[in-house]
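Readers should treat all values here as calculations from the given coordinates under stated rules, not as data from a laboratory. Note that the coordinates shown come from a computational prediction; the quantities given were computed from them, not determined experimentally. Neighbour counts are summed over all protein chains in view; Cβ atoms, including those assigned to glycine, are modelled from backbone coordinates with ideal geometry.
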Amino acid sequence: MREKKFISVALIVVGAGLFIFGSYVSRQAAQRELQISQIEQSEQGRRRPLIGPVRKSIRSQSAQTAQGKLAQAEQTVVQSQTSANWLRGIGIVAIAAGLGYFFLRKKRGN
């Protein structure tokens with residue numbers, strides 16, 4: 001009987017831990033997303049008129065490099081948000097299973 005109680009409590013604790021960790025990952029991803037948007041806005045404000053084809057070429061290459069890095073950072077944010085959603089969902093399911101197991105055990109009198 002004690003092992004059934006232990007299983008239900010363990011499911012609840014693990015589920016809560018997964019949910020909390022998923023929420024933490026989600027907050028971190030939101031902060032990174034905010035940083036990315038601020039960087040994009042600051043990049044747009046820095047553009048000045050160009051003189052000469054050499055400067056245009058250099059700026060074009062650096063802009064492409066920066067855009068590639070921003071796109072990669074955005075992809076990482078999307079992956080983090082997806083992972084966070086899965087963690088929170090699994091956490092909720094584990095909590096529900098633990099509570100269900102706990103109350104089902106009580107009703108049956110086991």
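A few remarks follow.
- Using the average count of surrounding beta-carbon atoms within 10 Å as a protection proxy, the listed peptides 63-70, 13-20 rank, highest first, as 13-20, 63-70.
- For 42, 83, 8, order by how many other beta-carbon atoms lie within 10 Å, fewest first: 42, 83, 8
- At R0 = 35 Å, FRET efficiency that the Cβ-Cβ distance of residue 75 and residue 10 yields, to 0.05: 0.50
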